[in-house]
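Here's the structure, in structure tokens; my notes come after.
What follows is calculated from the coordinates using simple rules that are stated; it is not laboratory data. Computed from a predicted model, the values in this text were never measured in an experiment. Glycine gets a Cβ as well: all are built from the backbone with ideal geometry, and neighbour counts include every protein chain shown.
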Amino acid sequence: MSPEEFRRMGHLVVDWLADYQLHPERFPVLSRVKPGEITDALPASGPRQGEAMEGILRDFEQTIVPGLTHWNHPGFMAYFANTASGPGVLGEMLAAGLNANGILWKTSPALTELEQVTLSWLRQWMGLPETFFGIIHDTASIGVMHAIAAARVYACPTGRMTGEWPRLTIYCSEQAHSSVEKGAIALGIGQRNVRKIAVDDKFQMIAPALAASIEKDLASGHKPFCVVATVGTTSTTSIDPVPEIADISERHNMWLHVDCAYAGSAAVSPKYRHFLTGAERAQSLIVNPHKWLFTPVDLSVLYTSRPDILRQTFSLIPEYLRSRQDPRALNYMEYGVPLGRRFRALKLWFIMRYYGRDAIAHMIEEHIRWAQELAVAIAADPDFEICAPARMSVVCFRKKAADKENEAIVERVNATGEIYLSHTMLHDRYVIRIAIGNMGTTRDHVFRAWELVRHGA
Ligand SMILES: Cc1ncc(COP(=O)(O)O)c(C=O)c1O
């Protein structure tokens, strides 16, 4: 592709994206295609001869776009909503165009140093201690696997070399994200050695139950090595009692990981910094700017107060990657499995600079305010009930009716193409979730969702 053709087609693509941003409601939020429909619409084999970009873009619009669920749609209120904000998209475009690969500091000094700088800014915005070292991963699921691997080496430093470990056990609440269990599976710790601690009526880990579970494991010859506390659980956004959990993990010299993949962004607002009380005592913590910090997927941040242990876990320098040592030249490859490193920090830097902390905090505060207003409205309706405290931007509720009826309500709302909702199970009952988090969502969209739910009911 000649630079001239690239320029011409690039303008077309930017125009397409600008129109997409201008009319996000042009498309149904939830894709209506049937399984296999996109595959069947595409040739079974790739072309032998190259094709003109115009035709490729036409097929993109006609065949691919209908198969998309629009995470940028203001009616996206399923799972945890997110946003490809303008500055984030521009940063992503530049990162793709530059194609820098930060395998070592010297293979793109700015890539490594901007990652250090933006993660230091974010750390300050969240009120985390200066001792926290940050590294970007694609997802929280990969980040937590790295945290668990470091926790294991902290508990048993020889295991990295010998592959021999004591009978390790790891703890999280029964509301923790499945990525904790997946990390334990991937690392060979064993799914049954993940202890899922009971929660209270607010879906928060019961700290004495954690202490009892650890004692029981110790008595039976296990080696409790890691506790994962969640601030902002996936189903209900509940907050585990981190200070009490930290007391317990410190007593047993265990690694404490705080999963605030979604809720960590709320700490950017001084009003909600208290969500992270106790997190400063963690050995590691994850926050996902690609959830509630208006950053296009993917960008997840793993912080650790023990970069020495993370490095001890993963550092391996073959001759072909040896470079001159300099205390200011960080080689991120020593702190995790990946060698290749995308320039993800660029989009985060664009976003942080373009909006600034106050505007970001304000948007998050508004999301929480609307969720709380919505919770009040739902609680006032005698046909519905709130199923978990709405402390952040998610409201969990159900119609006082059979699960099937609640499921049908969600299906009816989603069929409108205006709003997309998802569900969870709490106390074995089907619960509807409205999750606010997209930058384009307004209070009107939130209350339209509620109107559609009532209509669906
Ligand atoms: C609390 C929590 N932790 C971790 C994850 C996993 O995030 P990722 O998709 O980045 O792996 C999620 C995803 O929703 C989550 O809600």
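Name the single residue that is farthest from Y154 (Cα to Cα) among those in the stretch 285-304 being part of a strand (DSSP E or B) and more than 13 Å from the ligand (Cβ to nearest atom). Among those residues, the one meeting the criterion is Y303.
For the stretch 62-105, name all the residues that are within 16 Å of the ligand (Cβ to nearest atom), part of a loop (DSSP other than H, G, I, E, B) and either in contact with a helix residue (DSSP H, G or I) (Cβ under 7 Å, 6 or more places away or on another chain) or over 21 Å from A266 (Cβ atoms) (or both). Working first, answer last.
Taking the stretch 62-105 first, the residues within 16 Å of the ligand (Cβ to nearest atom) are 69, 71, 76-84, 88.
Then keep just the ones that are part of a loop (DSSP other than H, G, I, E, B); that gives 69, 71, 78-84.
Matches in the stretch 62-105: T69, F80, N82.
For the stretch 180-212: of the residues being among the charged types (D, E, K, R) and under 21 Å from R251 (Cα atoms), which is nearest to the chain's Cα centre (by Cα)? It comes out as K196. The residues listed here are A150, A176; of these, the one that is more than 10 Å from the ligand (Cβ to nearest atom), crowded, with 23+ Cβ neighbours inside 10 Å and either in contact (Cβ under 8 Å) with a residue 12 or more places away in the chain or under 25 Å from D217 (Cα atoms) (or both) is A150.
Test T236 against the stated conditions and say whether it is within 16 Å of the ligand (Cβ to nearest atom), touching an Asp or Glu at 6+ places or on another chain (Cβ under 7 Å) and either part of a strand (DSSP E or B) or within 26 Å of V297 (Cβ to Cβ) (or both). The answer is no for T236. The listed residues are V231, V227, V258, and the only one of them that is out of contact with any Gly (no Cβ under 6 Å at 6 or more places or on another chain) and within 9 Å of the ligand (Cβ to nearest atom) turns out to be V231. Just to be sure, is P24 in contact with a His (Cβ under 6 Å, 6 or more places away or on another chain) and either among the hydrophobic types (A, V, I, L, M, F, W, C) or under 22 Å from W292 (Cβ atoms) (or both)? Criteria met by P24.
With respect to S265, is the statement that it is surrounded by fewer than 19 Cβ atoms within 10 Å (Cβ to Cβ) and within 15 Å of the ligand (Cβ to nearest atom) true? Here the answer is no, as S265 does not meet what is asked.
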